[in-house]
1. For region 28-37, what are the residues that are in contact (Cβ under 8 Å) with a residue 40 or more places away in the chain and open to solvent by 10 Å² or more (accessible area, probe 1.4 Å)?
2. Can you confirm whether Pro54 is surrounded by 21 or more Cβ atoms within 10 Å (Cβ to Cβ) and either of a type in the set (Ser, Thr, Tyr) or within 16 Å of the ligand (Cβ to nearest atom) (or both)?
3. I need the full set of residues from region 57-82 which are open to solvent by less than 10 Å² (accessible area, probe 1.4 Å) and either closer than 14 Å to Ala93 by Cβ or within 15 Å of the ligand (Cβ to nearest atom) (or both), in order please.
4. Name the residues in region 196-235 that are open to solvent by 70 Å² or more (accessible area, probe 1.4 Å), without any contact (Cβ under 8 Å) to a residue 40 or more places away in the chain and assigned to a helix (DSSP H, G or I), would you?
5. Being touching a Ser or Thr at 6+ places or on another chain (Cβ under 8 Å), open to solvent by 50 Å² or more (accessible area, probe 1.4 Å), assigned to a loop (DSSP other than H, G, I, E, B) and not charged (D, E, K, R) is the requirement here; does Pro87 meet it?
6. Looking at (1) within 16 Å of the ligand (Cβ to nearest atom); (2) surrounded by fewer than 18 Cβ atoms within 10 Å (Cβ to Cβ), can you tell me which one Ile179 breaks?
7. For Arg117, state whether it is within 16 Å of the ligand (Cβ to nearest atom), among the basic types (Lys, Arg), open to solvent by 10 Å² or more (accessible area, probe 1.4 Å) and within 23 Å of His157 (Cα to Cα).
8. Looking at region 52-93, which of its residues are within 19 Å of Ala10 (Cα to Cα) and of a type in the set (Lys, Arg)?
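The values are calculated or read from the model by the stated rules, or taken from the named source; none is laboratory data. Note that the structure is a prediction, hence the values are computed from the model and not measured. Neighbour counts are summed over all protein chains in view; Cβ atoms, including those assigned to glycine, are modelled from backbone coordinates with ideal geometry. What goes into the accessible areas is simple: the full protein's heavy atoms, side chains included, and nothing from ligands, DNA or RNA. Shrake-Rupley method; radii C 1.70, N 1.55, O 1.52, S 1.80 Å.
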Amino acid sequence: MSSLCFLGTAGGRVLVFRQLRASGGLWLESNGTNILIDPGPGSLIRCLENKLDPQKLDAIILTHKHLDHSADVNVIIEAISEGGLKPKGILLAPADCYDNDPVVLKYNRAYLEKFIRIDQGFKYQINDINIEFPLRHEHGVETYGIKISTDQFKLSHIVDTKYFNELIPAYNDCDILIINMVFSDPMPYPHLCVDDAIKLINGIQPALAVLTHFGYRLWEKGIEPYIDKIQQQTGVKTIAATDGLKLDLENKSEMNFG
Ligand SMILES: [Zn+2]
């Protein structure tokens, strides 16, 4: 069995730091292997609220150092390792998270089994899960999106970035495409908007597109009309993630309806 639980769907500063939506990251489970992606503010609390035990985690992934993606990483490292008594877990993160102005505290690193610096094209396998970071994004700090696959599913997650054409070949060939869509309209910041999501979904043609990491203005205007527009212009089943949403990654028939 493989599933993905959204422990948060907030993207912009206002939604995250007022906690109008949660910002705990994504919890992936596949046949007993557990990976937490981007543990932002409140991640530990959101894990527990969703009855997910951090001690069961095998790995944590940081896509980049911005606090809405990394604020709870040290808390989660201590939660996995019982405060360092039982070193456990692997951390995969860009060098930027460990080196200059690190978000991963140095004393905490001994509590992990391994900490790994990822870069463009880096691949790693944990039990039956294949993880790849195909492309460095344009986002100000060192940032990578993720492709995750097993025999049962293929998932691409396009995290924070400005739109550029190389995103499409880097993330194609997936059943489920997750996009961090912060804005409704184009803005002079390195984040994706609705039109960018349409280009990406049209280019990649997944079975299911899931939008998340919403900014305040998009959330305030209401996300659903934009989801309808994306679905109409791509023909791909598209949903907006909600806090606590759990996706069954193996149920392809559910993805293909409509
Ligand atoms: Zn960011």
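1. Hits for region 28-37 are Asn31, Gly32.
2. Answer is no for this residue.
3. Listed by number, the residues that qualify are Ala59, Ile60, Ile61, Leu62, Thr63, His64, His69, Ser70, Val73, Ile76, Ile77.
4. Lys199, Glu220, Lys221, Glu224, Pro225, Asp228, Lys229, Gln232, Gln233
5. The answer is yes for Pro87.
6. (2)
7. no
8. Lys65
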